[in-house]
1. Residues in segment 90-128 near a label at A176, defined as backbone nitrogen under 17 Å from the 7 Å Cα→Cβ point?
2. In the chain, what is the volume of the convex hull around the alpha carbon atoms, normalised per residue and reported in Å³?
3. FRET efficiency for E219 and Q357, Cβ-Cβ distance as r, R0 = 60 Å, nearest 0.05?
4. Taking the dipole about the Cα centre of segment 38-127, with the C-beta of Lys and Arg at +1 and of Asp and Glu at -1, give me whichever of Y98, Q78, Y119 is farthest to the positive side.
5. Starting with the highest mean, order 162-174, 242-254 by the number of other Cβ atoms within 10 Å, averaged over the residues of each peptide.
6. Kindly rank 459-466, 304-311, 150-157 from highest to lowest mean number of other beta carbons found within 10 Å of each residue.
7. Can you give the FRET efficiency for E384 and Y119, using 1/(1 + (r/R0)^6), R0 = 60 Å, r = Cβ-Cβ distance, to the nearest 0.05?
8. So between T151 and D70, what do we pick up on full extension, going 0.36 nm a residue minus the alpha carbon distance?
Amino acid sequence: MSEIKRVFQVDGKPFFPLGGQVHNSSGYNLSELETAWKALEAMGANTVEIPVYWCQVEPEEGQFDFSVLDDLLQGARQHGLKLMLLWFGTWKNGQIEYTPNWVKGNPERFRRVISAAGYPLGVLSSECRTNFEADRRALSALMRAIREKDTEEKTIIAVQVENEPGILGSDRDYSAEATATFHGPVPPELASQVALHPGTPVHQAWQAAGAREAGSWPELFGPHAGEFMTAWQIAHYIDGLAAAGKAVYRVPMTINVWLGEGGRRLAGEYPSGGAVAKVLDIYKWFTPHIDIIAPDIYSASSAGYRFECEAYRRPDNPLFVPESGRAGSNARHMFYALGQYDAIGYFAFGIESMLDQEGNLRPESAPVAASFRAARLAIPLLLEHQGAGRVHAIVQEEHAAEQYLDLDGYIGVVRYLDADTPYPRGYLTPRPASREAVERARGLVIQVGPHEFYLVGGPFRVLFKRKPAPDAELTPQAAARLLAEELPDFYMVEEGYLDEDGAWRARHWRNGDEVTGGVWVDFRSELVRVVITH
Ligand code: DGJ
């Protein structure tokens, strides 16, 4: 069993933030947020992520106005939500956009990254101390404002420092200063960490370049030198901001990542120096004031999605997903994050767009919202049972009809609903009109005791078959053999919810025909509790 680092807390207790991030410019004032509150309600959210813009809060150098924070706090509280603030400072998607005009308009003072071709990019240079100092003052002022305004309720549970930092458009800064750094010695504290960590991507790049103990960036890291140097610089820059911010007011701080490194893409096509998997170790070694490095996962493919979860779920870095798709495959894949990768929080991006003009869920977002509502029901169970192999993701991959779960003492045979499945007699949900009308199944099966399970999501049914021996092998053949046997057990099946103290509250009971052929789960049900009796 691995101990999960529960970074987010409310009233001193672990808290699982689940919800949505508003569109980029919805944080300017309260009226912009009207649609967002509706979408958050439709998702069953408990937390909202909203940006705070450097350009708004420091319109003139040194003159801060954090009145917008009153609005954000008021809005979140009125809607019973916790709030994560996203600091749009030096970097927003590897660019300069949300910096104040007095920064943008003075490139001599606030130096830009210079491209390989020699022209300035719309990106502030992390080499430039003036940039760092200006951002440090602004973020510290934000933290002071939070300390002053969020005194009692502690609505703000975390601050994301910057947004998808890195250099969009170049692997590194090619200015004279940065080029001198590039050809100067790699800091010995980095070189020694790299040598100590075989198996990491940085170590592999170092090996491939000749595994020298000391030398310049290209000498130690070959073709990756520009990106690695940038990662080192940005990691220090952001950690410096976080250190200063936390010295004013302590809340968890996070960094989010534009995952652009798949396929054949080059650093700079995604923000170079951001904490992509290749350089994640550099960040983990040198950002002690950052609590989590979090991937923005938009991958539509199941394998790609799981690859990213795998890369960011580490003993020193629990998986936290601050952005994901508001439509499509995320409705299913999010259960991989919650079940298989022990995610400690999960958000969809641009939630206003989940609703149509009338305020109803758009058809393409309705499944995502249903998945979020199902996940919300499971939060007390996630907090208690993740990390122990007891939370199982149900995800219907394309063309799949069933899934086997290796449970403690049981094999769970999960059969997805399709138009050909006979619905059990007595079960109330109407049969789907057509194959197309069937959403692909997804959800969670959580084992809380030797014979006790909670199920959520849909549409699927689970047959629990006792293992002939505790270490019985889980093969489709073994499961088929078990399924062919008479059902030896009886199920007690209830629907209900867990209250604020985690106590089970049953509202419906199922028996007789309704439990023949397995335990059905769909999005109409709340949590389904199953106890297998003898
Ligand atoms: C990731 C960024 O972090 C967000 O601010 C937003 O730009 C989305 N991409 C858009 O998909």
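The values are calculated or read from the model by the stated rules, or taken from the named source; none is laboratory data. What you see is a predicted model, and the numbers here were worked out from it, not measured in a lab. All Cβ positions, glycine included, derive from the backbone under ideal geometry; neighbour counts span all protein chains shown. Calculation scope for accessible area: heavy atoms of the full protein, side chains included, ligands and nucleic acids excluded. Shrake-Rupley method; radii C 1.70, N 1.55, O 1.52, S 1.80 Å.
1. 108-120, 127-128
2. Numbers: hull volume 86.8 nm³, N = 534.
Cα convex hull per residue, to the nearest whole number: 163 Å³.
3. About 0.55, to the nearest 0.05.
4. Y119
5. 162-174, 242-254
6. Ranked from most to least packed, the peptides come out as 459-466, 304-311, 150-157.
7. After rounding to 0.05, the efficiency reads 0.65.
8. Values: separation 81, 0.36 × 81 = 29.16 nm, distance 1.20 nm.
Length gained, T151 through D70: 28.0 nm.
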